[in-house]
Amino acid sequence: MPSQAMRRLMEELTRRQSAAADVAQPTLAEARTAFAPAGPVHPMPDDVLVREVTAGGVRSHWLDAPGVDSEKVLLFLHGGGYQLGSLLSDGELAARLGRAGGMRVLFPEYRLAPEHPFPAAIDDVRGVWRWLRTDQQLDAHSLAVAGDSAGGGLAVALLVATRDAGEALPAAAVLMSPTVDLTSSGASMIERVDQDPISTPALLRQLASDYLAGADPRTPLASPLFASLSGLPPLLVQVGTADLLLSDSERLAQAATKAGVEVRLEVGDGLPHVYQLMLGTPEAAEATERIGTFLRERVH
């Protein structure tokens, strides 16, 4: 059962979802500026040092909380359906996870659809990964990757592409409500419609279509659920039951486990899409703590 603070947020998100159906759709620029996927946008903590850098040709940001180990890096990939999202929407969460894991964070602003459809986003993320390994000369075992929603899908795609290239993989990956199936074939796309306060099937299908721009939705680097998952590093997957993408996480965990990957699947009863963003709720705090422990145990 969600906490009172979580229930209040979910009720507000449900009201916002209902109101959106009765007003004119914003322009893409307006949607990006106002993007607040989980209620209010939380500012970057004052004690986190933010420094812009170009990583492999991609505009990115270093996020350093006090006391983190500068030799350990969490590559954080934001969500937003490959069309929205930025440091503004996800920076607080990224910095919070880095602090919990004792790691500095690299936050890339990968290219967005529809101006830059698939494979632009994964190409950018691969370029950032190579920059960490070659330019920054960081050992793969001192690196981890995390992503929420579409960023979670990009994180798995990065692992698959890196493995296929015969390169060393990061020590671990954290996936929060990952989008790993752009065919929208998961049972929860139907079963959870009345429970999800954030997304609708129509919205998710439109975002997928805009990103794919005609590409096969089963392409492994677009929908990594359909990729071979053998040889991937340990995965922590967190998802809530009030999420249209619940089945993405469940099927990914099942497929990865079958492929011999160490997987920890945490399913929050009654929790919405990327509930980790909801600062101030017990659920977000507990998830952050578990992520921090997972990263500290595996990144050396």
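The values are calculated or read from the model by the stated rules, or taken from the named source; none is laboratory data. Note that the structure is a prediction, hence the values are computed from the model and not measured. A quick note on method: Cβ atoms are made from the backbone with ideal geometry, for glycine too, and the neighbour counts reach across all protein chains shown. For accessibility, only protein heavy atoms count, side chains too; no ligands or nucleic acids. Shrake-Rupley method; radii C 1.70, N 1.55, O 1.52, S 1.80 Å.
Sparsely packed loop sites in segment 69-169 (the GluC sites (Glu not before Pro) outside DSSP H, G, I, E and B with at most 14 other Cβ atoms within 10 Å) comprise Glu115, Glu167.
The apolar share of the surface of segment 170-231, taken as the fraction of accessible area on carbon and sulfur atoms (1.4 Å probe, ligands and nucleic acids excluded), comes to 53 percent. Net charge of the neighbourhood of Thr162, taken over other residues with C-beta under 15 Å away and scored Lys/Arg +1, Asp/Glu -1, is -1.
Relative contact order for the chain: what is it in percent, counting Cα pairs under 8 Å that are at least 6 residues apart? Mind dumping the intermediate values first?
Values: 633 pairs, mean separation 61.4, N = 300.
Over the chain, the number comes to 20 percent.
The chain: percent of C-alpha pairs farther apart than 37 Å? Beyond 37 Å sits 6 percent of the P(r) for the chain. Amide H contacts of Met103: Asp69, each under 5 Å away and 5 or more positions distant or on a separate chain (H built 1.01 Å from N in the peptide plane; Pro and chain starts excluded). Summing +1 for each Lys or Arg and -1 for each Asp or Glu among the other residues whose beta-carbon sits under 13 angstrom from that of Ser89 gives -3. Only beta bridges with both residues in the chain are counted; by DSSP, about 30 percent of them are antiparallel. Treating r as the C-beta distance of Ala168 and Thr27 and R0 as 41 Å, the FRET efficiency rounds to 0.45. Taking only Cα atoms and a 10 Å spring cutoff, compute GNM fluctuations for the chain and point out the largest among Ala173, Ala121, Ala213. Of Ala173, Ala121, Ala213, the most mobile in the Gaussian network model is Ala213.
Between beta-carbons, use under 14 Å as the cut-off and find the net charge around Val180, counting Lys and Arg +1, Asp and Glu -1. Don't skip to the end; give the middle numbers.
Working: positive: Arg218, Arg251; negative: Asp148, Asp181, Asp243, Asp248, Glu250.
Result for the neighbourhood of Val180: -3.
Could you provide, to the nearest whole Å², the per residue accessible area of segment 144-223 with probe 1.4 Å?
On the way: 2670 Å² over 80 residues.
Per residue, segment 144-223 has 33 Å² of solvent-accessible surface.
Exposure check, 1.4 Å probe, all protein chains in place: Trp129 carries approximately 10 Å² of accessible surface. Of the trypsin sites (Lys or Arg not before Pro) found in segment 184-246, those in coil by DSSP whose Cβ has at most 16 other Cβ atoms within 10 Å are Arg218.
Rounded to whole Å, give me the distance from the Cα center of segment 234-285 to that of segment 88-115. What the calculation gives is 18 Å, centre to centre.
Extension gain for the segment Gln136 to Arg264, taken as residue separation times 0.36 nm less the Cα-Cα distance, is 43.1 nm to one decimal.
The accessible-area ordering, largest first, of the residues Val237, Val193 stands as Val193, Val237, per a 1.4 angstrom probe. Per the Cα gyration tensor, segment 79-193 maps to an equivalent ellipsoid with semi-axes of 24, 17, 15 Å, ordered largest to smallest.
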